[in-house]
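The values are calculated or read from the model by the stated rules, or taken from the named source; none is laboratory data. Note that the structure is predicted; figures quoted are calculated from it, not measured. We place every Cβ from the backbone using ideal geometry, glycine too, and count neighbours over all the protein chains shown.
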Amino acid sequence: MRRVIRRRVGPIASELGLHSCHTCGLVSDAADGGHSHVQRCPRCESRLHDRTPNSVAHCWALIISAYIIYIPANLLPIMETGSFMDYRKDTIMSGVIHLWHTGSWGIATIVFVASIMVPLFKLIALTLLLLSVQRRSIWWPMQRARLYRLVELVGRWSMLDIYVVTLLAALVQISSLATVRAGNGAIAFGAVVVLTMFASMKFDPRLIWDPLRKESDHDYYAATD
Amino acid sequence: MGIDPPHFVACHECDLLLKEIPLLPGGVAVCCCCGASLYRNTPDSLQRTMAFTLTAVILYVIANVYPILGIEIQGIRNATNLIGAVRSLWDQGMHLISVLVGLTTVLIPALQLATMVYLILPLLMKRKPPGIALIMRVLNVIKPWGMVEVFMLGVLVSLVKLKDSSIIIPGVALWSFGGLTILLAAVATSFNPRDIWEHLDEQSESGEDRCAE
Ligand SMILES: [Zn+2]
Ligand SMILES: [Zn+2]
């Protein structure tokens, strides 16, 4: 019955021609260095941008590449274990299942979350954020802002499997008894992690809030008398 | 007119312009629109960060020199330290992954610690190190890529994976990595970039140390 759309109270820096520096946070007048095309922060001389340039396009490019590489990352083996007894190739998923069967449920869950859930969550969340931003959606801005923060927070943990493979491949090198090698899936998986990290850095969360100020123009001009 | 409104901050997540308010020690300013944390008041930030950083440097050296883990299968032993693991991955032809691991666990943490010392030590002695802006920009860029805490979890997962097939010999570096993880988190929470910029402002206002342009 009652739909609450969060309205923005107060002025928006970029509407007043002010830019905040992403390095030092100083708010400065955008018109100040107006003669040249490149504006720099008066304090630290970082480049100033109204919004991250081409944020959406770059982010899409990174996300789509990550989606494509996500397939080999999950299908190719990331680890090959050989001993004189047997030889096995593990993909990420089969590694998790193997851990589960050997009774290490806790660790199996951690690896499952870090290597399978987190990359998938990041891809889907960033896709949703990009779509909503492109449509200039005003829906649930707070929830989308939180979603973005979560993406930023959890992204790095996907590197877990890469480190496990690195350690095992270095340690288990005992002549004919047992050897572990990293598989090509590790390269693809590493690429997915790196691409999604770049994508979430490239996404500009201010785009989530920008469409809202159109809705609330009257409100905040009234509020800032 | 130089810097226009000197005591305003713009939220980095929603661009709302807010008036800066003083905070109690340990306080955090939060954006009233989107809830992003804007700035913190960290008392004695420089001293604390320096203490944590110097301890972290010592642990970093130990963590990289000594073996992390060793295993023993039927009487044959093998141990590795982090750099050895990176090198063995390189030797197996996994160059990209080897570089990725080397960057995120060896080089970037080292760079973070080195830049911290370079920034904070002179500031504590009331001097201004050259190139603060550049260093801060570098710190910003590399910050997400230092992954010692993820590596630490990787060590634990490896322990579990190895425990059935071999005897595990924990190395000295295992403990120092644990300590390093905690100390790097402490450095990150005690370090307050605003302090650095405020120092910079104070010093250039008082007229000394102003670099010629
Ligand atoms: Zn700046
Ligand atoms: Zn905000």
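Which of the residues that make up the range B:48-63 are away from every other protein chain (no Cβ under 14 Å) and either in contact (Cβ under 8 Å) with a residue 24 or more places away in the chain or within 16 Å of ligand 1 (Cβ to nearest atom) (or both)?
Passing the criteria: B:Arg48, B:Thr49, B:Met50, B:Phe52, B:Thr53, B:Leu54, B:Thr55, B:Ala56, B:Val57, B:Leu59, B:Tyr60, B:Ile62.
So, in the range B:74-86, exactly how many residues are within 8 Å of another protein chain (Cβ to nearest Cβ) and either out of contact with any strand residue (DSSP E or B) (no Cβ under 6 Å at 6 or more places or on another chain) or closer than 13 Å to A:Ala169 by Cβ (or both)?
The number of residues fulfilling the criteria is 6.
Looking at B:Ser45, is it surrounded by fewer than 20 Cβ atoms within 10 Å (Cβ to Cβ), under 20 Å from B:Lys143 (Cβ atoms) and touching a residue at least 40 places away in the same chain (Cβ under 8 Å)?
In short, yes.
Being at the interface with chain A (Cβ under 8 Å from one of its Cβ atoms) and surrounded by fewer than 18 Cβ atoms within 10 Å (Cβ to Cβ) is the filter; apply it to the range B:138-154 and report the residue that is nearest to ligand 1 (Cβ to nearest atom).
Per the stated criteria, the residue is B:Asn140.
Where the second residue is not in a strand (DSSP E or B) and the first is more than 7 Å from every other protein chain (Cβ to nearest Cβ) and lies in the range B:14-28, which pairs have Cβ atoms under 6 Å and are six or more apart or on separate chains?
Close Cβ pairs satisfying both conditions: B:Glu20/B:His7; B:Leu23/B:Asn41; B:Pro25/B:Asn41; B:Pro25/B:Pro43; B:Gly27/B:Asn41.
Which is out of contact with any Ser or Thr (no Cβ under 7 Å at 6 or more places or on another chain) and either small (Gly, Ala, Ser) or outside the structural domain of A:Arg206 (by TED's automatic domain parsing) (or both), of A:Ser104, A:Ser158?
A:Ser104
Pick out the one residue from B:Gly35, B:Gly70 that is away from ligand 1 (no atom under 16 Å from the Cβ) and under 22 Å from A:Ser14 (Cβ atoms).
The conditions single out B:Gly35.
Quick one: which of B:Leu89, B:Leu38 is more than 7 Å from chain A (Cβ to nearest Cβ), buried (at least 17 other Cβ atoms within 10 Å of the Cβ) and aliphatic (A, V, I, L, M)?
From the options B:Leu89, B:Leu38, the qualifying one is B:Leu38.
Report whether or not A:Pro119 is within 12 Å of chain B (Cβ to nearest Cβ) and under 23 Å from the mean Cα position of the chain (by Cα).
Against the criterion (within 12 Å of chain B (Cβ to nearest Cβ) and under 23 Å from the mean Cα position of the chain (by Cα)), A:Pro119 does not qualify.
Filtering the range B:92-114 down to residues that are within 7 Å of chain A (Cβ to nearest Cβ) and part of a helix (DSSP H, G or I), which residue is farthest from A:Gly183 (Cα to Cα)?
B:Thr104
Does B:Ile71 meet the test of being outside any loop (DSSP other than H, G, I, E, B), surrounded by 17 or more Cβ atoms within 10 Å (Cβ to Cβ) and more than 9 Å from chain A (Cβ to nearest Cβ)?
no
Can you name every one of the helices (runs of 4 or more DSSP H) wholly within the range A:44-132 that holds 3 or more residues which are in contact (Cβ under 8 Å) with a residue 60 or more places away in the chain?
A:55-75
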